[in-house]
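Visitor: Just passing along the structure, written as structure tokens.
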Amino acid sequence: MKLMKESHDKSSKKHSSREQKCTSSSKVKQNGAHSSKMKPSDVTSIDESLQVSADISKVKHISGDTDEMDVNVTVGPVERDQNDGHKKSHSSEKINKHKSRSKSSKERHNEKVQKDRTADMDIKTEDHDGCDSAADRQASPPVKIKKKKVKDEKTDEKHDTADKNHRARKKRKNESSEWDQPEKKPKKMKTNEEEEEEEEEEKKKEKMKDKKDEGTEKWKWWEEGKSSDTQKWTSLEHKGPYFPPEYEPLPSNISFKYEGKPLKLTAQTEEIATFYAKMLEHEYTTKDVFQKNFFNDWREEMTKEERKVIKSLSKCDFTEMHKYFVEKSEERKNKSKEEKQVLKEEASRLLEEYGFCLLDGHREKIGNFKLEPPGLFRGRGEHPKMGKLKKRLQPEDVIINCSADSKIPEAPKGHKWKRVQHENTVTWLVSWVENIHGRPKYIMLNPSSKLKGEKDWQKYETARKLKMSVNSIRKEYKRDWTSREMKTRQRGVALYFIDKLALRAGNEKDDESADTVGCCSLRVEHISLHKRIDGQEFVVEFDFLGKDSIRYYNKVPVEKQVFKNLRRFMEHKDPEDDLFDRITTVYLNKTLNESMPGLTAKVFRTFNASTTLQDQLRKLTTDDMTLEEKMLSYNRANRAVAILCNHQRAAPKTFEKSMQLLQEKIKKKKEQIEEARKELKGAKRAHKETPSDKSSKLVEKNEKKVQNLCEQLKKLQLQETDREENKVIALGTSKLNYLDPRITVAWCKKYQVPIEKIYNKTQRDKFAWAIDMTDDDFQF
DNA sequence: CCGATCACTTAGCATCCATCTG
DNA sequence: CAGATGGATGCTAAGTGATCGG
């Protein structure tokens, strides 16, 4: 908690200018401006049992079953800071620098071999010996070290038996699968499923939808053996993509104005103008890069005549158009029930027609069957291509993938597909090349599909496999810290970061995208070293923009050897030079693959996330908790993972307001309790003075009332804590992508929490395999 | 071997929509 | 019953890592 606060204070100071900006522009998120986050004091009124975990920001995260490795993360909720403050230091001048940076790193690449020799010698003379073995032990302050307790016997036993069962089952089945096959307990599952289905059926009856879905049995693909790695399907039939509606020209009374005068545009030019007009209120239309990119692309699409006239964006007036669209969307909102119903039916008809495909004889839901409509590109963060025109797709841009003997989807009238292919080694149905970066895009199946589910399952099995070898891998990379070879040292430290901090691998990027980094692409400017700070030794301070330009800010105490290495890596380098200049993600992954087949950098994220969830759940839940308390525990465990993985979100716009409302409710409740207690006292007194049946009943009644109110209060307080802690943390990403669903399912069963409390419908669909196959003794 | 390309996963934000509340 | 609210869903950008091909 202390750490977290510090990070907060620091960053809010650092970026105070950003805050100002925030208040001045309505649409900008106001993150990090609230130092009130996660006050432990808020919890004081809550049950003691909960307080144990109140300080969730300090996630002691011990990965795997190791006794000797003290992986321990203290991740402050990283104040997010996307576009403004932090980026200021990475402003447009920087982009140029950036270019030179990549050059220099490439050059360095070429020099590597020669350099290595000399550098290695250096290392040997300077610190290869045990000069700091004693100091090393001291390096991590005891406070920060939380040795993983040896597993208690109970779990050990369980694990063992589970393992044995596992093996036994595997034998019985004699299956060819490389990864573990499901454990099935049909009895148990059935009851659960029936319940679920009943509930759902009721709902559906009321709403009369998804009839077909109900009719067809769900495909339990996980009960079949593992399918081929290369061949993804044997038959595939679908309807092709759904094209967005054609452009509807503006009514004649709405005009675009240039230099104050109405100017009629051709439909094509007008359409692009509407893209801009629609986002007039958005902050990014004020950005230089955005305007420049937009105007360039727009002019390119104009006719010669238009281009002759329209020469400056500042002379363009889109306000009338803008107003028109605002009115239109208003209209849409105010539509009557009947009209809305019609629209809804239309949408579900569309889904019915385009939303499914037939894969190996099973009807599977498609993830995104609609082609992306044209518009203006808005990358995340400070993207150099923001504002560029994303062009309208023609059938001629689109490749269809399906079986040769299936009914080939028809191209819209008068058009042809770019190509129709029958490639069963890939999972996509439709692809096209997006014009902003020239990258391919795909239409693929929904997460509930076999193709996705199986892959997901496999992912978690790989992560579980890592659990077996993580000890030796950790030993290895620690040994690398003192290697004679610079490259190996860098590898060791990078791997340590990836493991301990769950950093992403950090592939190289080109200059055509936002300047964000991961582990291997960290630059000297992204870390600072503190030999001693805030009572801790050897602290590394990270401050960089990661994926989606989400800021990662963290102060981490590290082993002395790591610290020394980092200092060495930074020597004689400019801020914009790569920190790990000798290694790449490819090299890293190659090494990892040698340690364990299938292992890559990203597996560590999955592994550490899932392990953390399991550990936290074990720590935070007890049998005697109420359902609400268990839910809070789950959310906290989930949150620990989200913090570890730095999954952030903008604080909800209405956060302050709704929080206040909740607090008022709590206050009221407290008053009510006070009142009820008084009444109870009165009743008791009355009963003492003149005991009677009636008076004793009154006492009872009042007692109950107080009790009820107290319970209600507790619920509200739990809600408050949960929401406060969740302000800028996004739980969804980890839940969906990093946490082995079987951990959750097992926990739900063990503690009798209905699975619907944790997973909504979509999530239950995605994790159907896990829900069906998992017993309460599942161990990740 | 290595950069380019391709396929697939992971990500946050916007909008939709069901439910709650006053 | 309207309006607010917050979770669910839709959307598409932005990562990772395997494979391709020179």
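Visitor: Within the range A:310-373, report the trypsin sites (Lys or Arg not before Pro) that DSSP leaves as loop and that have at most 15 other Cβ atoms within 10 Å.
Guide: Details: sites: A:K311, A:K315, A:K323, A:K328, A:R332, A:K333, A:K335, A:K337, A:K340, A:K344, A:R349, A:R363, A:K365, A:K370; in loops: A:K311, A:K335.
Filter output for the range A:310-373: A:K311, A:K335.
Visitor: Using R₀ = 22 Å, calculate the FRET efficiency as 1/(1 + (r/R₀)^6) where r is the Cβ-Cβ separation of A:D288 and A:K573; round to 0.05. All intermediate terms of the calculation are to be shown ahead of the outcome.
Guide: Details: r = 31 Å, r/R0 = 1.41.
Efficiency for this residue pair is about 0.10.
Visitor: Is there a pair in A:K390/A:K653; A:K467/A:K573; A:K487/A:K509 whose C-alpha atoms are over 25 Å apart, and which pairs would that be? Mind dumping the intermediate values first?
Guide: Values: A:K390/A:K653 29 Å; A:K467/A:K573 37 Å; A:K487/A:K509 21 Å.
Exceeds cut-off: A:K390/A:K653; A:K467/A:K573.
Visitor: Here is a further query. Which FRET efficiency value, to the nearest 0.05, do you get for A:E396 and A:E223 by plugging their Cβ-Cβ distance into 1/(1 + (r/R0)^6) with R0 = 51 Å?
Guide: Numbers: r = 43 Å, r/R0 = 0.84.
My answer for the efficiency is 0.75.
Visitor: While we're here: Considering only DSSP states other than H, G, I, E and B, which trypsin sites (Lys or Arg not before Pro) in the range A:448-540 qualify as loop sites with at most 15 other Cβ atoms within 10 Å?
Guide: Numbers: sites: A:K450, A:K452, A:K455, A:K459, A:R464, A:K465, A:K467, A:R474, A:K475, A:K478, A:R479, A:R484, A:K487, A:R489, A:R491, A:K500, A:R504, A:K509, A:R523, A:K531, A:R532; in loops: A:R484, A:R504, A:K509.
Hits after loop and neighbour filter: A:R484, A:K509.
Visitor: Run the numbers for A:E346 and A:R363: contour at 0.36 nm per residue of separation, minus the present Cα-Cα distance, in nm. Display every interim value, and only then the final one.
Guide: Values: separation 17, 0.36 × 17 = 6.12 nm, distance 2.09 nm.
Contour length minus the Cα-Cα distance gives 4.0 nm.
Visitor: Shifting gears a bit: Going by amide H atoms built from the backbone, whose H comes under 5 Å of the H on A:A505, apart from near neighbours?
Guide: A:C519
Visitor: Can you compute the modelled spin-label distance between A:T690 and A:L627, with each label point 7 Å from Cα toward Cβ, in nm?
Guide: 4.4 nm
Visitor: Can you compute 3J(HN,Hα) from phi for each residue in the range A:493-505, using the Karplus curve 6.51 cos²θ - 1.76 cosθ + 1.60 with θ = phi - 60°, rounded to whole Hz and x for Gly and Pro?
Guide: Along the range A:493-505, the couplings run 6, 4, 5, 4, 4, 4, 6, 6, 9, 6, 6, 6, 4 Hz.
Visitor: Continuing with the same structure: What are the GluC sites (Glu not before Pro) within the range A:493-578 that DSSP puts in a loop, where the Cβ has at most 12 other Cβ atoms within 10 Å?
Guide: Details: sites: A:E508, A:E512, A:E525, A:E537, A:E541, A:E559, A:E571, A:E576; in loops: A:E508, A:E512, A:E559, A:E571, A:E576.
Here the sparse-neighbourhood loop sites are A:E512, A:E571.
Visitor: May I ask you to derive the FRET efficiency for A:V326 and A:N708 from their Cβ-Cβ distance with R0 = 51 Å, giving the value to the nearest 0.05?
Guide: Details: r = 48 Å, r/R0 = 0.94.
E(calc), rounded to 0.05, equals 0.60.
Values quoted throughout were computed directly from the atomic coordinates according to the rules given, and no laboratory measurement underlies them. These numbers were taken from a predicted model, which means no experiment stands behind them. Using ideal geometry, Cβ is built from the backbone for each residue, glycine included, and neighbour counts are taken over all protein chains shown.
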